[in-house]
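The next block holds one structure in the form of structure tokens; read it before the comments.
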Amino acid sequence: MSVESVLMDFQVTPCLDDTIYIRDVATIATCVAEALRQDCLEQGCISSAFSYSAIYSGPKDSMFTIKHYFREGLITLSIEYFKINLSDSMFYNYDEIENLRNLIIHDLDANSGKSIPAIKRCLTHSPYLRTSDDRILEYGWQKLLFSERSPYQKVEIYQTADWGACLVLDGYINLAESDLAYTRGLMNHGNMDYKDKQILILGGGDGALLHELLKEKTPPSFVTMVDIDEAVIRGCKEHMPSVCGDVLEKMEGDKFKIIVDDALKWLETYTKEEKKFDVIFGDLTDIPVHSRDTQTWAFVRKVIRSSLLLLPVGGKYLTHCNGKSAANSLSMFEKLVSDLGVPVDVASTEHYIPSFQEKWVFYQLTRKEGDVVEPATAITENGEISNDTEKSADQAVNGTAEKESKEETAKSEKPKPTEEKEEKKTKSPTPKASEEKEEKSKGAKSLKANLDSPKDKSNGLKKEKSNLDKKAKTPK
């Protein structure tokens, strides 16, 4: 069962004559009734100085709205209906949606018209995910193989025809059986020699990175992997063996060891032990796309700085970042690295990841000779960023540092605010990272129509209530 929404839009000649745009709305309503092969009832109408709209009820508890932005000559049509199964669908396939669109273009004499396949809503497992820059992606889930809410995240694995089994964490695609490009991109494959290297993997619970490292012709001396989520390890071991091989079955071997624990805790342990690694992989959370997610930025900052301090000169920290389209996120990451107080060379590569359906950017940080200084941004013991850090992050993104500096100078010359106002300022809440990603949805717009016009095409339409005497004023 699902609720489906069909969306169309049309371009007509702009006009301010109410008899014309009322007639246009009536024409579309008649076309919909004809396509659905059943009478439709007008339920209400709304008019403003900028638009004219109507709402109708149809068969199978359906409804549709038509909104005419007459000043711009734009018309939107939104049809919503409840679907039990395929045979119960109002539109059996996209061809039927296109047939309705073509009928409306013809009868409306529209300049153009567009439609998209029905949007599937109210499903237990939504097929919609999004890219790094919030473009909608629809995935063809065939079967839910694994689902568990761990103490850290929602872990799901779906079977697909396009990419095989897909690991989805908190509503974000994480890795699929088709995504060897991701793992090799993270490894900087072909440009790195791992022979006899001591390696630390932070995260990587899907086992793909560990599996590929051990398959190298000149494998590393030893690989330690630390991932906090046992549910990810268990799910991938059972349903994605082509990705992880048998490393998640064994958990430990001559060349590797998997530790199920907090990666940050082990970074602190290795720091106290003065242990060194030749290569450290950051395969943890994605880099945030904006500066407001201060908790995640603080976590990323602490992980990277702690990791760099465990590397000798020439040692490498390799990590994924975000999609190439999330340019803001990439620039903030580079700014963060430059402010860590650890001298490094920064390089990056990019690879198209099939299940992500976008190019992903990977960074390679190489420890250089030089003095280690305190980071430009203060980090508290629990990994949180100070208020000054939040401000500097926003300035780095928005280019407002100079402006705000001038404003602060000007403010210093003004009388100081009262103690009460100061107290209110200090009590402003600190934003916290949400456990689940927010999903964006758009509701249908309410509409108004009048079918009685010079060229009224009201065949198949019945008015439940007449609006002839309630006609809105013509906009000036």
Yes or no: Val3 among the β-branched types (Val, Ile, Thr) and surrounded by fewer than 17 Cβ atoms within 10 Å (Cβ to Cβ)? yes
I'd like to check which strands (runs of 3 or more DSSP E) are fully inside segment 12-110 and have at least 3 residues that are over 30 Å from Leu123 (Cβ atoms) and not acidic (Asp, Glu). 40-47
Out of everything in segment 260-273 that is within 23 Å of Lys154 (Cβ to Cβ) and touching a helix residue (DSSP H, G or I) at 6+ places or on another chain (Cβ under 8 Å), what residue ends up being surrounded by the fewest Cβ atoms within 10 Å (Cβ to Cβ)? Val260
Find the residue count for segment 27-82, including only residues that are under 17 Å from Ser5 (Cβ atoms) and in contact with a His (Cβ under 9 Å, 6 or more places away or on another chain). 4
Considering every residue within segment 248-257, establish whether at least one is closer than 21 Å to Arg184 by Cβ and buried (at least 22 other Cβ atoms within 10 Å of the Cβ). yes
Please find, among Ser87, Ser112, the residue that is modelled with pLDDT under 95, more than 30 Å from the chain's Cα centre (by Cα) and over 14 Å from Ala35 (Cα atoms). Ser87
Ser291 fails exactly one of (1) in a helix (DSSP H, G or I); (2) touching a residue at least 60 places away in the same chain (Cβ under 8 Å); (3) of a type outside the set (Val, Ile, Thr), namely (1)
Would you confirm, using the coordinates I've provided, whether Ile136 is in contact with a Phe, Trp or Tyr (Cβ under 8 Å, 6 or more places away or on another chain), closer than 30 Å to Glu216 by Cβ and not small (Gly, Ala, Ser)? no
Working carefully through the options Thr296, Thr319, find the one that is in a helix (DSSP H, G or I) and not assigned by TED's automatic domain parsing to the domain that holds Gly140. Thr296
Is it fair to say Lys324 is assigned by TED's automatic domain parsing to the domain that holds Val337, free of Cβ contacts under 8 Å to residues at least 12 places away in the same chain and either within 15 Å of Leu202 (Cα to Cα) or not polar (S, T, N, Q) (or both)? no
Say whether the condition of being aliphatic (A, V, I, L, M) and at pLDDT 95 or above is met by at least one residue in segment 272-285. yes
Considering only residues of segment 171-225 that are modelled with pLDDT of 95 or more and of a type in the set (Val, Ile, Thr), which is surrounded by the most Cβ atoms within 10 Å (Cβ to Cβ)? Ile201
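The values are calculated or read from the model by the stated rules, or taken from the named source; none is laboratory data. Note that the coordinates shown come from a computational prediction; the quantities given were computed from them, not determined experimentally. Cβ coordinates were reconstructed from backbone atoms using ideal geometry, including for glycine residues, and neighbour counts include every protein chain displayed.
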